[in-house]
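Working notes, beginning with the structure itself.
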Amino acid sequence: MKKIFIVGNWKSNKTTSEAKIWLEEIAKYTFTSSPEKEKYSIICPSFTLLPLLADGINTHKLSLIVGAQNISPFGMGAYTGEVNAVQAKEFASYVLIGHSERRRDFKETDEMLTKKVELALHAGLTPVYCIQNKDAYVPEGVTIVGYEPIWAIGTGKPETPENANEIARFVKRKYSYVQYVLYGGSVTPENVASFTSLPDINGVIPGGASLDPHIFSQLIEHA
Ligand code: PGA
């Protein structure tokens with residue numbers, strides 16, 4: 001059975017009351033299961049919303065999993081303002097590492113990202129390691145990679161499914177530990193199947209399309 005990961009990235013959006021409404025709305029949908037696909041729908045909110053999402057998923061018995069958008073490159077201790085992997089693991093099972101917005105706006109380097117991967121794995125979080133091109137470095141131990149070309153993020157101009165599939169295959173061949181490659185960048189309910197139906201693409205990372213519960217549930221259904 002093919003595993004499909006749908007990783008919704010809320011970025012720096014939503015207050016607690018908005019997140020509650022999102023949960024109530026998405027709880028109205030029942031997702032159909034398919035004999036060929038095993039879907040993992042992950043939602044990555046801001047740190048402030050992690051407990052709320054974890055509780056809400058439990059209460060509404062939703063088939064959603066919580067992920068974090070980032071973790072500290074340091075462990076527990078004197079690092080003001082940071083949220084470390086062990087703290088994130090209290091609420092989340094997955095964590096996005098190396099999103100292009102972190103690399104660009106917070107100057108995160110491969111060296112720092114490698115530390116984050118080590119800390120995530122040690123805490124029992126599964127990293128979804130984002131890369132922006134096929135030649136990017138992927139730290140050891142990463143099993144899930146997200147290929148997200150910068151020009152496709154938030155532009156409404158996705159990569160072609162064929163190119164994304166080729167890059168996914170290339171990355172899996174280059175790094176024996178990478179088992180799954182996801183595609184991110186302007187994914188919608190309309191185009192999601194053109195990516196997830198290809199043999200080497202194991203899922204998607206929608207940003208904008210994860211904010212609206214109706215659009216996100218359609219996207220999960222079509223994936
Ligand atoms: P987008 O963002 O779906 O809004 O293009 C994707 C991402 O940055 O993960």
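Excluding same-chain neighbours fewer than eight residues apart, the aspartates and glutamates reachable from Lys174 by a Cα-Cα span under 13 Å are Asp135, Glu140, Glu166. Only protein atoms count toward the accessible area here, which uses a 1.4 Å probe; on the chain, the carbon and sulfur part of that area reaches 53 percent. Taking all protein chains into account, the per residue accessible area for region 1-110 stands at 53 Å² (1.4 Å probe).
Restriction of the GluC sites (Glu not before Pro) in region 123-223 to DSSP coil positions whose beta-carbon has at most 16 other beta-carbons within 10 angstrom yields Glu140, Glu190.
If Lys and Arg each add +1 and Asp and Glu each add -1, what is the summed charge of the other residues whose beta carbon sits under 12 Å from the beta carbon of Glu36? Don't skip to the answer; put the middle values down first.
Values: positive: Lys2, Lys3, Lys37, Lys39; negative: Glu38.
Result for the neighbourhood of Glu36: +3.
What does the charge count near Ala223 come to, summing +1 for each Lys or Arg and -1 for each Asp or Glu among other residues with Cβ under 9 Å from its Cβ? Overall, the nearby charge balance is +1. Looking at this model, which pairs from Lys37/Lys116; Lys11/Lys157; Lys134/Lys157 are more than 21 angstrom apart at the alpha-carbon? From Lys37/Lys116; Lys11/Lys157; Lys134/Lys157, over 21 Å: Lys37/Lys116.
The values are calculated or read from the model by the stated rules, or taken from the named source; none is laboratory data. Because the structure is predicted, anything quoted here is derived from the model rather than measured. For neighbour counting, all protein chains shown are included, and Cβ atoms are generated from backbone atoms with ideal geometry for every residue, glycine included. Protein only, heavy atoms only, side chains kept; ligands, DNA and RNA dropped before computing areas. Shrake-Rupley method; radii C 1.70, N 1.55, O 1.52, S 1.80 Å.
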